[in-house]
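> Just dropping this structure here.
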Amino acid sequence: MTALNYTGVSHTVFHLLGIPGLEDQHVWISIPFFISYVTALLGNSLLIFLIVTKHSLHEPMYLFLCMLAGADIVLSTCIVPQALAIFWFHAGEISLDRCITQVFFLSSTFIYESGILLVMAFDRYIAICHPLRYTTVLTRTLIGKIGVTLLLRSCCTVFPVMFLLKRLTFCKSNILPNTACKHFVLAHLSCDDIRVNIWYEFLVLMSTLVIDIVLIFISYVLILRAVFYIPSQDARHKALNTCGSHVCVIILFYVPGIFSVLAQRFGHHISPHIHVLLSNVYILAPPMLNPIIYGIKTKQIRDQVIHVFFTKQK
């Protein structure tokens, strides 16, 4: 597709390149994309099935995990099927409205997952620091309200981005050097002033992800302080072990994303295909690895998986 480049034309159709500079390797690159997507779908669907159907898993910790698994499925579905279509069939054409819709779902789901990780940290704080009040504080009604609140927060903060993008005139090019539509990738194709977009994106990051990270850090400082006051070494180890899966998921979720943002901001000398690969890692890795981490490190889930797949065969 030819990229037009003159004033007065606002593109309504764009072309996603996939991994720029590695077009001849797209078939090979599609393999880890496909494996990660299938693993994410199967693993998270299994988690949701177990948590919904097994009464022993109807505890706050697992209900929050069920929300996280659902968000992981949405997050990976937002990007991987389209990326595979580009890699396999060169089907990179996308309309402006569809592109903006993808920006909305990607950004809002990412913010929603961050909120879920925050409330899971709060869940561990209540369980360890106030165990006698755990079931009375985190009731199913409160958990439902928390889920709805996080959903509204993510949608309401990202919704204005759709209008900020819709107002722009895209006259520079209709080529998007990525596997998916991202806010800044699309905005930089505009001939208009995008300072409002930049500042609003900064405001969203500060009011959601940054605050979530700070509150998660505070929660674990309080948790560690409470754990070190426990006299029994076995009890301390058990308390810390209940947080192990959550800490692994937190690191897996935030670290690649932060690294990708820093690389885009300061790594101007880095090749474009490295930027695109990094931006895909923080979307592909958590949905694929989260159910594996919880399946390995959480005994209750591991026991239910063994029961489902092996007990019925006897």
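> From the residues in the range 187-207 that are among the charged types (D, E, K, R) and without any contact (Cβ under 8 Å) to a residue 40 or more places away in the chain, which one is most open to solvent (accessible area, probe 1.4 Å)?
Arg195
> May I ask you to list pairs of residues, at least six apart or on different chains, whose Cβ atoms are under 7 Å apart, with the first in the range 276-291 being within 15 Å of Thr109 (Cα to Cα) and the second being open to solvent by less than 10 Å² (accessible area, probe 1.4 Å) and of a type in the set (Asp, Glu)?
Note: pairs meeting the criteria are Pro286/Asp72; Pro287/Asp72.
> Which count do you get for residues in the range 97-117 that are under 18 Å from His11 (Cβ atoms) and open to solvent by 30 Å² or more (accessible area, probe 1.4 Å)?
3
> Further question on the same structure: Which of the residues belonging to the range 85-96 are touching a residue at least 40 places away in the same chain (Cβ under 8 Å) and open to solvent by 10 Å² or more (accessible area, probe 1.4 Å)?
Trp88, Glu93, Ser95, Leu96
> Considering only residues that are within 30 Å of Ile175 (Cβ to Cβ) and assigned to a loop (DSSP other than H, G, I, E, B), which ones fall in the range 42-101?
His90, Ala91, Gly92
> Mind counting the residues in the range 5-31 that are open to solvent by 40 Å² or more (accessible area, probe 1.4 Å), in contact (Cβ under 8 Å) with a residue 12 or more places away in the chain and assigned to a helix (DSSP H, G or I)?
The qualifying residues number 1.
> Hey, does the range 69-83 have a residue that's farther than 24 Å from Ser279 by Cα and open to solvent by 10 Å² or more (accessible area, probe 1.4 Å)?
No; the residues of the range 69-83 include none that is farther than 24 Å from Ser279 by Cα and open to solvent by 10 Å² or more (accessible area, probe 1.4 Å).
> Taking Cys155, is it in a helix (DSSP H, G or I) and more than 30 Å from Ile31 (Cα to Cα)?
When the stated conditions are applied, Cys155 passes them.
> When you go through Leu142, Leu132, Leu215 one by one, which is the residue that is open to solvent by less than 70 Å² (accessible area, probe 1.4 Å) and more than 19 Å from Ser107 (Cβ to Cβ)?
Unique residue meeting the criteria: Leu142.
> Any idea which residue in the range 231-279 is surrounded by the most Cβ atoms within 10 Å (Cβ to Cβ), counting only those that are among the hydroxyl-bearing types (Ser, Thr, Tyr) and outside any helix (DSSP H, G or I)?
Per the stated criteria, the residue is Ser271.
> While we're looking at this one, here's another question. With respect to the numbered conditions (1) part of a helix (DSSP H, G or I); (2) among the polar types (S, T, N, Q); (3) in contact (Cβ under 8 Å) with a residue 12 or more places away in the chain, which one is the sole condition not fulfilled by Thr136?
It fails just one condition, (3).
> Check off (1) at pLDDT below 95; (2) assigned to a helix (DSSP H, G or I) for Gly147 and give me the number that stays unchecked.
(1)
The values are calculated or read from the model by the stated rules, or taken from the named source; none is laboratory data. Quick caveat: nothing in here was measured; it's all calculated off a predicted structure. Here Cβ is always computed from backbone atoms with ideal geometry, including for glycine, and neighbour counts include all displayed protein chains. Just so you know, the surface numbers come from the protein's heavy atoms only, side chains and all, with ligands and any DNA or RNA stripped out. Shrake-Rupley method; radii C 1.70, N 1.55, O 1.52, S 1.80 Å.
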